[in-house]
Amino acid sequence: MKKILLLSLILLFPSFLQAGGPWKVDTITNSGVPARWPYDEDTGKWIIHWRVDPGPMTDGAIRVSSEAAVRDWIQPMLTEWQSVKLPYAADADPIQTVAIEFVLDGELPEDITAANYERWLEPGEGRYTPAFVIFDHDGSILEAMGEEYDKNKLVGLAEPLLDSTEMRIRGGYIILNGRMINGNPSSTTDAEATPEQFKAVIKHEFGHLLNLAHAVVNTEIALGCAGDSCNGNQGISTMFPDLRTVAQYTLHVDDKVGISWLYPTQDFQDKFCVITGEIQDEDGKGLQGVNVIASAVNDPWIDARSFQSGALYAIGTENGRYILAGLMPGVDYEVRYEELPVTEETDISAGYDPCSTECPSGFGSGLIAGPDGAASVHCDEGGRTIGMETLKISLAEGRAIDGSVSEGEGGGGGSGKKGWCQLERTADYGLRTTNFLGVFVFILILLAFRLHIGRAR
Ligand SMILES: [Zn+2]
């Protein structure tokens, strides 16, 4: 029994931290199916039941009740996720493309604090149903969780949790650090988020709870802007790993397409087109961890969506498939491949598995050819799928060798594996998020193992 538990945990582990598309996938049968919340036949929607910590949200000048926090901060973010619309034609109004509904099941039976949080985070069967939001009003829960969880930097963390099939989400949690909005912005040890920044993080964490991974479009804009210089820019996804600008408070097309592909309305499937393809290495083996972006030729910063190759499969699978959805009929799109921006300088160091500890790098970026080597592609009516030429990347030589329109430029890359989402004050970038969830998951696994040994005795 112990072996079975360990094995299942090991199998679970590689599924974490995938990017540009869904986060957690079925690693039991490696079927290429992402985990989703339960589907309700009556409403035709995927339903997310959640409950809230009855404790206060902050401990400072603007302390509020959990009721007020839900009403003013959380509910508006949920409303935006569940009412995502996209335009399917230039002369038509945007239509509803996502079919999800959040249902608040009330408060948890006790205030979650540093004294009792462990009991709530234990991965006992049924424990995480439904999802819940914990208000860590003074950062003391994060402090109790260990020194990797810096209460002075971490704003929120989130995780959806899967049932034993790994195809369905059975719950999850979000922890929000009220210390970041306690009205006490004291120097470097106690960063202070604005309400807009805090809400952007809440929106980001609920994106994770819905099983969205980190996503990167417009890398050059995201990495090039710092502090106020990128304010107002709408080119950076809410699910970008860093909070670079409060503009990420607004969902980007990349976020909207990502959530609509996971939880689509019939309209999304009927009125939009899809691009698929595969990235391979020089030996013809599927290559995970390459960022692929389809963007409109006439509106490349805004009408863009990303998918990380192989993200539907467990880490280490030789599968480099990508799926780019939400394409407007009649619009020309270019499909670009690039390295994930994981460098020492940016420190955007996680959320990019399935490349695990080392994302492929050194091959630069370029366009992927469409049918007959076309540099751009389009569909004439919704419901169509466009297959791109398979792109082969020579990792040894660091360049694309086949299936690309233009030659790659080469470039550096790094790696790192951390895990939960945080927002911290830095000299250059203002507030930023980083993902450290993997570490947290590992702690959960250790807890589960300890728990099991306890029972075995
Ligand atoms: Zn995140």
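Details
- If only the Cβ of Lys and Arg carry +1 and only the Cβ of Asp and Glu carry -1, the dipole of the range 260-402 around its Cα centre is close to 320 debye.
- Spin-label pair residue 282/residue 79, simplified geometry with 7 Å Cα→Cβ offset, distance in nm: 5.6 nm
- Residue-level accessible surface for residue 170, protein heavy atoms, 1.4 Å, Å²: 40 Å²
- Here the range 260-402 is treated as a sphere whose radius is the Kirkwood value from Cα pairs; by Stokes-Einstein at 25 °C and 0.890 mPa s it diffuses with a coefficient of 158 µm²/s.
- When you count the other C-beta atoms within 10 angstrom of each residue and take the mean per peptide, 286-298, 43-55 line up highest first as 286-298, 43-55.
- Among the protein heavy atoms of the range 260-402, carbon and sulfur supply 40% of the accessible surface, probe 1.4 Å, non-protein parts ignored.
- Taking amide hydrogens as placed 1.01 Å from N in the peptide plane, the amide H of residue 393 sits under 5 Å from those of 280, 281, 282, 401, each at least 5 positions away in sequence or on another chain.
- For the peptides 258-264, 314-320, 79-85, 215-221, the ranking by packing is 258-264, 215-221, 314-320, 79-85, with the highest mean count of neighbouring Cβ atoms within 10 Å listed first.
- In this structure the amide hydrogen of residue 25, modeled in the peptide plane, comes within under 5 Å of the amide hydrogens of 35, none closer than 5 places in sequence on its chain.
- Where 388, 57 fall by accessible area, highest first, once all protein chains stay in place (1.4 Å): 388, 57
- Over the range 260-402, accessible surface divided per residue gives 37 Å², non-protein components excluded, 1.4 Å probe.
The values are calculated or read from the model by the stated rules, or taken from the named source; none is laboratory data. Bear in mind the structure is a predicted one, so any value in this text is a computation, not a measurement. Here Cβ is always computed from backbone atoms with ideal geometry, including for glycine, and neighbour counts include all displayed protein chains. Remember, those area values only see protein heavy atoms, side chains included, never the ligands or the DNA or RNA. Shrake-Rupley method; radii C 1.70, N 1.55, O 1.52, S 1.80 Å.
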